[in-house]
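Peer 1: The structure's right below; bear with me while I get my questions together.
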Amino acid sequence: SECYDYAKQFYSDDTLNKWRIGIGLKPTKEEQRIGVLPGTKRGFEGRLIYPVLQGNIPMNLIGRYPSNTLPNEIPKSLNMGGREVTPFNEHRLFGNEVTITEGPKDCIMLEEQGHKACALISMQKSGW
């Protein structure tokens with residue numbers, strides 16, 4: 001798929017598994033009816049999905065389209081609306097030195113090279 005091909009430009013299969021990165025599929029009619037992903041108008045279909053975890057508990061999802069050729073009305077990245085904004089890889093904020101990145105892609109790439117990093121999810125809501 002386009003998402004997997006995009007992800008493989010940056011990550012090994014081990015990295016995809018370690019960070020639990022997935023691919024958004026088209027929601028079923030039942031999932032759409034009950035609102036499995038509240039706050040998202042178009043859902044995460046066709047997006048690379050990054051889970052935002054606190055420990056092993058998923059707090060949010062970040063979805064990123066693999067293409068930069070999107071119409072202006074479709075955001076390249078989105079997260080689940082109506083949730084508290086939790087930085088991606090938040091536990092790194094409590095160390096001595098951390099690099100703050102724009103998104104999870106750069107955060108993971110730095111972490112895989114041995115650097116401590118976290119990513120802000122939404123500059124509009126984060127207060128940073």
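Peer 1: Can you find a residue in segment 75-84 that is modelled with pLDDT of 85 or more and open to solvent by less than 20 Å² (accessible area, probe 1.4 Å)?
Peer 2: So far as segment 75-84 goes, no, none of its residues is modelled with pLDDT of 85 or more and open to solvent by less than 20 Å² (accessible area, probe 1.4 Å).
Peer 1: I need every pair where a residue in segment 84-111 that is without any contact (Cβ under 8 Å) to a residue 12 or more places away in the chain has its Cβ under 6 Å from the Cβ of a residue that is β-branched (Val, Ile, Thr) and not in a loop (DSSP other than H, G, I, E, B), sequence separation at least 6 or different chains.
Peer 2: Taking only residues 6 or more apart or on different chains, the pairs are Leu110/Thr99.
Peer 1: Shifting gears a bit: Could you run through segment 85-105 and say how many residues are open to solvent by less than 70 Å² (accessible area, probe 1.4 Å) and closer than 22 Å to Ile49 by Cβ?
Peer 2: The qualifying residues number 11.
Peer 1: Mind counting the residues in segment 2-60 that are open to solvent by 90 Å² or more (accessible area, probe 1.4 Å) and either at pLDDT below 70 or assigned to a loop (DSSP other than H, G, I, E, B) (or both)?
Peer 2: Summing the residues that are open to solvent by 90 Å² or more (accessible area, probe 1.4 Å) and either at pLDDT below 70 or assigned to a loop (DSSP other than H, G, I, E, B) (or both) in segment 2-60 gives 10.
The values are calculated or read from the model by the stated rules, or taken from the named source; none is laboratory data. In this text, all values refer to a predicted model and were calculated from it rather than measured experimentally. Glycine also receives a Cβ, built like all others from the backbone with ideal geometry; neighbour counts cover every protein chain displayed. Each accessible area value is taken on the protein alone, full model and side chains, heavy atoms only, with ligands, DNA and RNA left out. Shrake-Rupley method; radii C 1.70, N 1.55, O 1.52, S 1.80 Å.
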